[in-house]
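The values are calculated or read from the model by the stated rules, or taken from the named source; none is laboratory data. Nothing here was measured: the structure is a model prediction, and the numbers come from that model. As a convention, Cβ positions derive from the backbone with ideal geometry for all residues, glycine included, and neighbour counts pool all protein chains shown. Ligands, DNA and RNA are stripped out before the accessible areas are found, and what is left, the full protein with its side chains, is counted by its heavy atoms. Shrake-Rupley method; radii C 1.70, N 1.55, O 1.52, S 1.80 Å.
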Amino acid sequence: MPSAREIAAPEFRDPAALAAEAQRVYDICAGCRRCYNLCPSFTQLLDTIDECHDGDGTALRPAEERGVVDLCFSCQLCYPHCPYTPPHRWAVDFPRLMLRSRVTRTVSEGIPLRERLLGNPELIGEIASRMPALANWAARNRLLRALAERLIGIDRRRRLPRYGRRFSAWFRRQTPPAGVGRTAKVALFYTTPVEYSAAETGKAAVRVLWRNGVDVICPPQRCCGMPALDAGDVPAAVRRARFNIESLGRAIDAGYEVVVPGPTCSRMLKQEYPLLVPGAAAERVAAHVFDLGEYLNRLHLAGQLDRSFGAGLGRVAYHAPCHLRVQEIGFKARDLLRLVPDTSVEVLERCTGMDGTWGFKQEFFDESLRVARPLVRELDEMAPSLIVSDCPLAALQLEQQRGQRVYHPVEALDAAYDGRSLPA
């Protein structure tokens, strides 16, 4: 990820410089091919090179290259997969190249309305959470969905998030139980999906943390900025990053660690903020950010996790999201769930094909389903009693494909503490 200063530099958005770098990277990819079939973008790239240019990675035409860029959904998995990333002398950074292409495109074409809307989930959430019943009705109305597909390009077949009352409003009404703070103090970066459409995840996170003696605060926060980056709107992503760095920095100064239930947001805070907003403040925040499963597992390793579970969970399928895998911290949620008696957990590492805003778009809906098909087949064969995933958009895809409810791992952990079973 380039820094805000680098993005602002004229050479970053210079089409000639971009074309030269793209030819260099594509030529290396054509000779390596390790990422073939890793995602639709690499399949498109290498098939086009072979079928149209006799294996010459430097010969892609602009329209062909545009197709490669459009099929990249920013999962970031190619980066740890690639043997030539920095500090290798070839310095191949495919995600950075795709971002650079999108940013350069916005200079000449602007940012379309659909990208602005999808890149600003807070705006949608603010409106929908004020009238959740109306918003959810509109999301199911065939006429309105057909109109939205025609005018904006959001596929009418895509299941949309269900909106409810805001998580932060619920949190403000809560009174912590006696004894919290004896273990640790946490600033919950609860994420935009939790705030507007997945409040149960946030509620379960708070209950589990409180049960383990952890004091919880929710400092002022904004969307992590990843949707804006997907749209090529880097200034909007930088503005959000600066706000969150300042707010979370104050919490860290007061002795709180930052815990995040969503892997896309935790990855942004850990890996991208120091690059988007270079400096000691972003580095300090990144050093204090933990994925929720990662943090709870630390409590377990320190002998501080409550293990008085009231019931088992049965056979659990744990979907490991792409943005969690790219953090290379292991499968901490799986490790936690395996602490629950009468519970078996199988990890599924395949992509769901939702990938931020990409899976909502009309032109990519069918490709999104194709990417998810191997994972859906595995789940059908496994027939688990419970499916969990840290990613709310992965859950949305799997629920649409299979009709079985998908929960966040912390919701399963909360239910196990209480001896509750979660409805399918």
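Out of all the residues in segment 224-250, which are within 21 Å of Tyr295 (Cα to Cα) and either touching a helix residue (DSSP H, G or I) at 6+ places or on another chain (Cβ under 9 Å) or modelled with pLDDT under 90 (or both)?
Cys224, Asn244, Ile245, Leu248, Gly249
Can you tell me which residues in segment 276-298 are open to solvent by 10 Å² or more (accessible area, probe 1.4 Å) and in contact with a Ser or Thr (Cβ under 9 Å, 6 or more places away or on another chain)?
If the condition is that a residue be open to solvent by 10 Å² or more (accessible area, probe 1.4 Å) and in contact with a Ser or Thr (Cβ under 9 Å, 6 or more places away or on another chain), then Val277, Pro278, Phe290, Glu294 are the ones that fit.
In segment 203-219, what count of residues is obtained for those that are open to solvent by 10 Å² or more (accessible area, probe 1.4 Å) and in contact with an Asp or Glu (Cβ under 9 Å, 6 or more places away or on another chain)?
Residues meeting the conditions: 3.
Any residue in segment 156-183 that is touching a residue at least 12 places away in the same chain (Cβ under 8 Å) sitting within a Cβ distance under 8 Å of a residue that is in a loop (DSSP other than H, G, I, E, B) and open to solvent by 60 Å² or more (accessible area, probe 1.4 Å)? List the pairs, counting only those 6 or more apart or interchain.
As it stands, the answer is Thr183/Gln304, since those pairs meet every condition given.
Considering only segment 280-299, state which residues are under 18 Å from Pro409 (Cβ atoms), in contact with a helix residue (DSSP H, G or I) (Cβ under 7 Å, 6 or more places away or on another chain), part of a helix (DSSP H, G or I) and of a type outside the set (A, V, I, L, M).
The answer is Gly293, Glu294, Asn297.
Criterion first (among the acidic types (Asp, Glu), touching a residue at least 60 places away in the same chain (Cβ under 8 Å) and either open to solvent by 30 Å² or more (accessible area, probe 1.4 Å) or closer than 28 Å to Arg377 by Cβ (or both)) does Glu328 satisfy it?
yes
Going by the structure shown, is Ile329 among the β-branched types (Val, Ile, Thr) and touching a strand residue (DSSP E or B) at 6+ places or on another chain (Cβ under 8 Å)?
Spelling it out, Ile329 is indeed among the β-branched types (Val, Ile, Thr) and touching a strand residue (DSSP E or B) at 6+ places or on another chain (Cβ under 8 Å).
What residue, of Arg145, Arg182, Arg156, is under 17 Å from Phe360 (Cα atoms), open to solvent by 50 Å² or more (accessible area, probe 1.4 Å) and either modelled with pLDDT of 95 or more or in a loop (DSSP other than H, G, I, E, B) (or both)?
Arg156
Residue check: is Leu413 of a type outside the set (Phe, Trp, Tyr), crowded, with 23+ Cβ neighbours inside 10 Å and at pLDDT 95 or above?
Answer is yes for this residue.
Considering segment 185-202 alone, what residues qualify as being open to solvent by 40 Å² or more (accessible area, probe 1.4 Å) and either under 24 Å from Arg420 (Cβ atoms) or in a helix (DSSP H, G or I) (or both)?
Once the filter is applied, which keeps residues that are open to solvent by 40 Å² or more (accessible area, probe 1.4 Å) and either under 24 Å from Arg420 (Cβ atoms) or in a helix (DSSP H, G or I) (or both), segment 185-202 yields Pro193, Ser197, Glu200.
Please verify whether Val258 is in contact with a His (Cβ under 8 Å, 6 or more places away or on another chain) and either buried (at least 24 other Cβ atoms within 10 Å of the Cβ) or outside any helix (DSSP H, G or I) (or both), treating the condition exactly as stated.
yes
Starting from segment 245-258, keep only residues that are in contact (Cβ under 8 Å) with a residue 40 or more places away in the chain, then list their pairs with residues that are part of a loop (DSSP other than H, G, I, E, B) and open to solvent by less than 50 Å² (accessible area, probe 1.4 Å) whose Cβ atoms are within a distance under 7 Å, requiring at least 6 positions of separation or different chains.
Going by the 7 Å Cβ cut-off, the qualifying pairs are Ile245/Val277; Leu248/Phe189; Leu248/Pro219; Ala251/Pro219; Val258/Phe189.
Could you run through segment 88-104 and say how many residues are open to solvent by 50 Å² or more (accessible area, probe 1.4 Å) and at pLDDT below 90?
Number of matching residues: 1.
Please tell me if Val258 is out of contact with any Ser or Thr (no Cβ under 6 Å at 6 or more places or on another chain), modelled with pLDDT under 95 and of a type in the set (A, V, I, L, M, F, W, C).
Considered against the rule, which asks whether it is out of contact with any Ser or Thr (no Cβ under 6 Å at 6 or more places or on another chain), modelled with pLDDT under 95 and of a type in the set (A, V, I, L, M, F, W, C), Val258 comes out as no.
Could you list, ordered by first residue, the pairs with Cβ atoms under 7 Å in which the first is in segment 132-145 and basic (Lys, Arg) and the second is surrounded by 12 or more Cβ atoms within 10 Å (Cβ to Cβ) and not in a helix (DSSP H, G or I), at least 6 apart or interchain?
Pairs that qualify, where the first residue is basic (Lys, Arg) and the partner is surrounded by 12 or more Cβ atoms within 10 Å (Cβ to Cβ) and not in a helix (DSSP H, G or I), are Arg145/Arg156.
Can you name every residue in segment 401-410 that is over 18 Å from the mean Cα position of the chain (by Cα) and either under 15 Å from Ala320 (Cβ atoms) or assigned to a helix (DSSP H, G or I) (or both)?
Gln401, Arg402
With the checklist (1) open to solvent by 30 Å² or more (accessible area, probe 1.4 Å); (2) within 21 Å of Met226 (Cβ to Cβ); (3) outside any loop (DSSP other than H, G, I, E, B) in hand, flag the one item Gly125 doesn't pass.
With respect to (1) open to solvent by 30 Å² or more (accessible area, probe 1.4 Å); (2) within 21 Å of Met226 (Cβ to Cβ); (3) outside any loop (DSSP other than H, G, I, E, B), Gly125 is out only on (1).
Test Phe171 against the stated conditions and say whether it is among the aromatic types (Phe, Trp, Tyr) and either under 30 Å from Ala30 (Cα atoms) or crowded, with 19+ Cβ neighbours inside 10 Å (or both).
Spelling it out, it is not the case that Phe171 is among the aromatic types (Phe, Trp, Tyr) and either under 30 Å from Ala30 (Cα atoms) or crowded, with 19+ Cβ neighbours inside 10 Å (or both).
Among Asp380, Asp355, which is the only one that is without any contact (Cβ under 8 Å) to a residue 40 or more places away in the chain and either surrounded by fewer than 17 Cβ atoms within 10 Å (Cβ to Cβ) or out of contact with any His (no Cβ under 7 Å at 6 or more places or on another chain) (or both)?
Asp380
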